[in-house]
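Asks: Just passing along the structure, written as structure tokens.
The values are calculated or read from the model by the stated rules, or taken from the named source; none is laboratory data. Bear in mind that the values here come from a model prediction, so they are computed numbers and not experimental data. Note: ideal-geometry Cβ built from the backbone for every residue, glycine included; neighbour counts use all protein chains shown. SASA here: full protein model, heavy atoms, side chains in, ligands and nucleic acids out. Shrake-Rupley method; radii C 1.70, N 1.55, O 1.52, S 1.80 Å.
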Amino acid sequence: VGMIHPHTFMFIKTFEDVRKFMIENTHINTMVDFGLDRVNLFGPGILLDATFYTLDKKDVENTPGVYFNITANLQEKYKKGTLENAYADYCNGQPNDRVYLLPQDKLKAIKSWPFIYWISDEFREKFGSASLEEITFVLQGLVTGDNIRFYRYWWEVNDISKWFDCPKGGPYNKWYGNFWVKVNWEDNGYEIKNFFDDKGKLRSRPQSEKFYFKEGVTYCSSGSRGCSFRYLPANQIISGAGPGIFPSEKYSNINYYLGFLNTILSTYLLESLNPTVNVTQGDIKRVPFARPNEKNEQMVDVLVQNNIDIKKHLCTYSVVEQNYSHSPITPVSSPESELTRYYNYENALLTQILLNEAIVNRIVFDVYELSEHDRQM
């Protein structure tokens with residue numbers, strides 16, 4: 001049988017049973033991961049990430065399947081020709097960077113069996129080690145059922161016995177910030193916990209209560225730029241849009257796993273496990289975690305803390321952040337010169353963050369013992 005359809009089934013947990021059926025009951029002969037296209041396949045009116053493949057009857061000898069990666073780093077207009085060349089090279093026994101041969105039993109190495117065909121065997125083995133699910137608690141928090149009724153911006157309220165800080169996601173922002181919102185948690189959330197619709201059905205979901213007000217990591221789970229992870233102070237109530245990741249007895253260094261989650265390796269892993277714009281708690285739980293040695297852990301700890309401190313300091317100039325203290329523009333000179341001065345200052349600090357991130361990336365690459373091929377991927 002041959003099929004062509006969107007590629008979502010290859011990765012996300014919703015289609016786990018489909019992948020398992022294909023792997024256990026058929027032989028994946030050829031699979032073309034074509035990616036986003038409106039030029040070659042369906043015409044300009046249809047834009048989607050396409051995968052097409054052929055399935056044979058079950059192969060008891062586990063002959064490797066042939067996978068063509070046409071989606072990575074390639075403009076749409078070149079995809080058809082690139083696939084033709086890759087197919088010709090495969091048929092003629094010539095090497096091609098877009099052709100991968102993989103016995104499909106190896107797809108079972110990663111939890112929920114996503115069709116991640118392009119990584120090396122050494123990297124695939126990393127998925128057999130501990131995952132973030134085993135060393136942290138990845139949790140969704142409070143869902144009120146009515147944002148307008150139960151949430152306020154911090155500048156709208158002054159009763160600290162009723163309104164408590166609550167991360168609600170927000171734009172892409174790493175390390176620190178987006179702390180604008182408060183939630184009505186008066187009397188331990190009595191009103192939220194007793195919020196019913198006209199039919200008597202509870203509208204709210206106060207999940208993971210024992211982790212409210214604990215220190216950890218929060219993140220924005222939806223966006224075209226991917227996830228961005230931030231330090232979560234100990235005075236916050238996690239939410240549905242602002243979930244939490246908390247330390248366990250198995251590994252308690254918050255700064256290290258915050259640093260790891262903001263690396264390009266983590267981004268790559270999450271995009272491999274779920275190529276959509278909505279990363280779930282299940283995706284984060286599946287990410288493999290390699291323990292650092294003491295030296296690497298300390299280096300990442302210091303760099304991450306520096307990034308947090310820089311972003312926290314920059315928040316003092318942002319009128320929407322709770323630690324806002326003053327405007328970056330003073331009446332000393334002209335507004336134009338003051339803006340120039342501040343942007344130069346801000347850019348210098350953001351450059352320091354980028355340099356720190358580059359060092360953390362290299363340290364994490366070493367911790368995972370990635371080959372040069374995997375580093376380039």
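Asks: Using θ = phi - 60° and the Karplus relation 6.51 cos²θ - 1.76 cosθ + 1.60, list the HN-Hα couplings for region 365-377 in order, rounded to whole Hz, with x at every Gly or Pro.
Replies: Residue by residue, region 365-377 yields 4, 5, 4, 7, 6, 6, 6, 4, 4, 5, 5, 5, 4 Hz.
Asks: Sticking with this structure for a sec: Can you tell me the relative contact order of the chain? Whole percent, Cα pairs under 8 Å, sequence separation 6 or more. Could you put the intermediate results ahead of the total?
Replies: Details: 646 pairs, mean separation 57.3, N = 377.
Over the chain, the number comes to 15 percent.
Asks: Give the shape of the chain as rounded, prolate or oblate, defined through the alpha-carbon gyration tensor: a ≥ b ≥ c are the square roots of its eigenvalues, a/c under 1.5 means rounded, and otherwise the shape is prolate if a/b is larger than b/c and oblate if not.
Replies: Prolate is the answer for the chain, as a/c is 1.5 or above and a/b outweighs b/c.
Asks: Want the number for I148 to I135: 0.36 nm per residue separation, take away the alpha-carbon distance, what's left?
Replies: Taking I148 through I135 to full extension adds about 1.1 nm, to one decimal.
Asks: I've got another one for you. List the aspartates and glutamates whose Cα sits under 18 Å from the Cα of K174, skipping any in the same chain fewer than 8 residues away.
Replies: Partners within reach: E215, E271, D301, D309, E321, E346, E357.
Asks: How about K57: which lysines have a C-alpha closer than 17 Å to its C-alpha, ignoring those fewer than 8 places off in the same chain?
Replies: Counting by Cα, and skipping residues close in sequence, K57 has these lysines nearby: K20.
Asks: OK, next. When the solvent-accessible surface of protein heavy atoms is calculated with a 1.4 angstrom probe, in what order do K108, K162 fall, highest first?
Replies: Sorted by accessible area, descending: K108, K162.
Asks: So, one more: Separation of region 278-317 and region 1-75 by C-alpha centroid, Å?
Replies: Going from one Cα centre to the other spans 34 Å.
Asks: Is the shape of region 1-128 best called rounded, prolate or oblate, per the rule: a/c under 1.5 gives rounded, else a/b larger than b/c gives prolate, else oblate, with a ≥ b ≥ c the square roots of the Cα gyration tensor eigenvalues?
Replies: The shape class here is prolate.
Asks: Shifting gears a bit: Quick check for you: with a 1.4 Å probe and neighbouring chains kept, what is the accessible area per residue of region 32-120, in Å²?
Replies: Roughly 54 Å² per residue, with all protein chains present.
Asks: Among M377, V332, L354, pick out the residue whose Cα is farthest towards the positive end of the charge dipole of region 326-377, where Lys and Arg carry +1 and Asp and Glu carry -1 on C-beta, about the Cα centre.
Replies: With unit charges placed on the Cβ atoms, the residue in question is V332.
Asks: Whenever you get a sec, compute what percent of the accessible area on the chain sits on carbon and sulfur atoms (1.4 Å probe).
Replies: C and S fraction of accessible area: 53 percent.
Asks: Using a 1.4 angstrom probe on the protein heavy atoms only, line up C315, C91 by accessible area, largest first.
Replies: C91, C315
Asks: Could you run the Karplus curve 6.51 cos²θ - 1.76 cosθ + 1.60 with θ = phi - 60° over region 83-99 and give me ³J(HN,Hα) per residue in whole Hz, x for Gly and Pro?
Replies: Rounded to whole hertz, the list is 5, 4, 5, 5, 5, 5, 4, 4, 5, 8, x, 9, x, 8, 5, 9, 10.
Asks: Can you classify region 52-120 as rounded, prolate or oblate using the Cα gyration tensor, where a ≥ b ≥ c are the square roots of its eigenvalues, rounded means a/c under 1.5, and otherwise it's prolate if a/b beats b/c and oblate if not?
Replies: Prolate shape, in that a/c is at least 1.5 and a/b is the bigger ratio.
Asks: Evaluate the charge dipole of the chain about its Cα centre and quote only its size in Debye, nearest 20, assuming +1 on the Cβ of each Lys and Arg and -1 on the Cβ of each Asp and Glu.
Replies: Result for the chain is approximately 660 debye, rounded to the nearest 20.
Asks: Let me ask something additional. Helix 264-273 sits at what angle to the longest principal axis of the chain, using alpha carbons and giving 0 to 90 degrees rounded to 10?
Replies: For helix 264-273, the angle is close to 60 degrees.
Asks: Another question, if that's okay. Spelling out what I want: for every residue of region 344-350, take phi, set θ = phi - 60°, compute 6.51 cos²θ - 1.76 cosθ + 1.60 (Karplus), and round to whole Hz; glycine and proline get x.
Replies: 5, 5, 4, 5, 4, 5, 5
Asks: Given H placed on each backbone N at 1.01 Å, which residues far from A130 in sequence or on other chains put an amide H within less than 5 Å of it?
Replies: Sorted by chain and number, the residues that satisfy this are F289.
Asks: Are any of the pairs K111/K250; K108/K285; K168/K214; K214/K312; K77/K285; K182/K250 more than 27 Å apart by Cα-Cα distance, and if so, which?
Replies: Over 27 Å Cα-Cα: K77/K285; K182/K250.
Asks: I've got another one for you. How much accessible surface area, in Å² rounded to 10, belongs to the heavy atoms of E357 with a 1.4 Å probe?
Replies: 30
Asks: With labels modelled as points extended 7 Å from the Cα through the Cβ direction, what inter-label distance (nm, one decimal) is found for Y190 paired with I329?
Replies: 4.7
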